[in-house]
1. Go through region 157-181 and report how many residues are surrounded by 17 or more Cβ atoms within 10 Å (Cβ to Cβ) and either among the aliphatic types (A, V, I, L, M) or within 16 Å of the ligand (Cβ to nearest atom) (or both).
2. Taking Thr61 as the residue in question, decide whether it is open to solvent by less than 40 Å² (accessible area, probe 1.4 Å) and not basic (Lys, Arg).
3. Which members of region 216-228 meet the condition of being crowded, with 18+ Cβ neighbours inside 10 Å and of a type outside the set (Phe, Trp, Tyr)?
4. Could you list, in sequence order, all residues of region 97-111 that are within 8 Å of the ligand (Cβ to nearest atom) and buried (at least 24 other Cβ atoms within 10 Å of the Cβ)?
5. Which residues, counting only those in region 39-57, are touching a residue at least 12 places away in the same chain (Cβ under 8 Å) and acidic (Asp, Glu)?
6. Within region 209-311, considering only helices (runs of 4 or more DSSP H) that don't extend past its boundaries, which have at least 1 residues that are modelled with pLDDT of 95 or more and more than 24 Å from Val14 (Cβ to Cβ)?
7. Which pairs do you get when a residue that is away from the ligand (no atom under 15 Å from the Cβ), found in region 113-137, comes within reach of a residue that is open to solvent by less than 20 Å² (accessible area, probe 1.4 Å) and part of a loop (DSSP other than H, G, I, E, B), reach meaning Cβ atoms under 7 angstrom, with the pair 6+ apart or on two chains?
8. For region 270-279, give me each residue that is crowded, with 19+ Cβ neighbours inside 10 Å and in contact with a helix residue (DSSP H, G or I) (Cβ under 8 Å, 6 or more places away or on another chain).
Amino acid sequence: MRRAKVTVVGAGNVGATAAHWIASKELADVVLVDLNADMAAGKALDLAEAAPVENFDVRLTGTGDYAATENSDAVIITAGLARKPGMSRDDLLRTNAKIVREVTEKICKYSPNTTLIVVSNPLDAMAYVAKKVSGFPRSRVIGMAGVLDSARFRAFVAEGAQVSVEDVYGFVYGGHGDTMVPMTRYCSIAGVPLEKFLAKDKIDQIVERTRKGGAEIVNLLKTGSAFYAPSSSAVAMVEAILKDKKRILPCAVWLEGEYNLSNLFVGVLAKLGKGGVEDVIKLDLNDAEKTELKKSADAVQELITAVEGMM
Ligand SMILES: NC(=O)c1ccc[n+]([C@@H]2O[C@H](COP(=O)([O-])OP(=O)(O)OC[C@H]3O[C@@H](n4cnc5c(N)ncnc54)[C@H](O)[C@@H]3O)[C@@H](O)[C@H]2O)c1
């Protein structure tokens, strides 16, 4: 029986750490691809040398050659520049669109049936580029943002309410930018609504901190952006697909009329299984949530319009 195979494009902070999570969970063989082939090979070898200590049996390959990616079951695309302090996600648009285009073309050549998990920023626009270039159905091009933004939200709620993160459920809708919409009405601690634990002003602060969660890390790191939680989030999506778990996760999905939105990637709850996005969950939003989601989708649309002009 063949072991699952996952390609991670971009062997930088997010990509290499994704390889680390995949190996330590023994999910799949990993091919790390980077423009800097030696760096990818070095990180793959270094990680492979941890196998006897950590006891995982997966093959790790690092390369610049896409032939090694042939027949990947899933591909995580992290290639691109990361944000520097003072740089917005949108500043990255032109450079990363070119990179994601090139990477997607090469991946599709060797793995025409794979599922793409796009991580490169600006996320919703890069997922759009990957979808357009691959021509894949929407089930097989998914953006990673919601799992990360929701994890930040849940971590801040757990800290604020002084409870275990394990008991905090919550998710974020919308684009991966300052207009994202943490869905406080659906957040619970052990099934009990959030407002039983935290006052409104505290919840508002958590929403604001979540929206700026990426920038908070950039400002601390100074030379790069977050990578532990982002890579862990991408791997959670890959795991749901490889194991056909049917998990309901917040993901950037190409919408086809859901929430009155079409032809753009926006973060919503989706069911992930072996078919990729197998369903989009349609929630009954209240008026305030509808307004916020529309505002966020408008911000995504602006990016998409800009990126279309560059393609
Ligand atoms: N969606 C999210 O929530 C989220 C979270 C964190 C980071 N990101 C984004 O993920 C991307 C990667 O972040 P990082 O911290 O790993 O950056 P990084 O600079 O550490 O790594 C990026 C890697 O991409 C490689 N690369 C560049 N062009 C390439 C190409 N054409 N082909 C193959 N490899 C190429 C670089 O050599 C580098 O090793 C950035 O765009 C970042 O903004 C997104």
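The values are calculated or read from the model by the stated rules, or taken from the named source; none is laboratory data. As the structure is a computational prediction, the values presented were derived from the model and not from experiment. Neighbour counts run over all protein chains shown; Cβ positions are idealised from the backbone, glycine included. Just so you know, the surface numbers come from the protein's heavy atoms only, side chains and all, with ligands and any DNA or RNA stripped out. Shrake-Rupley method; radii C 1.70, N 1.55, O 1.52, S 1.80 Å.
1. Counting residues in region 157-181 that are surrounded by 17 or more Cβ atoms within 10 Å (Cβ to Cβ) and either among the aliphatic types (A, V, I, L, M) or within 16 Å of the ligand (Cβ to nearest atom) (or both) gives 14.
2. Values: open to solvent by less than 40 Å² (accessible area, probe 1.4 Å): no; not basic (Lys, Arg): yes.
So Thr61 does not fit the description; no.
3. Ile217, Val218, Ser225, Ala226
4. Listed by number, the list holds a single entry, Val103.
5. Listed by number, the residues that qualify are Glu54, Asp57.
6. 287-310
7. From region 113-137, the pairs are Thr114/Ser72.
8. Here is the first cut: in region 270-279, the ones crowded, with 19+ Cβ neighbours inside 10 Å are 270, 272, 276-277.
Selection gives Leu272, Gly276, Val277.
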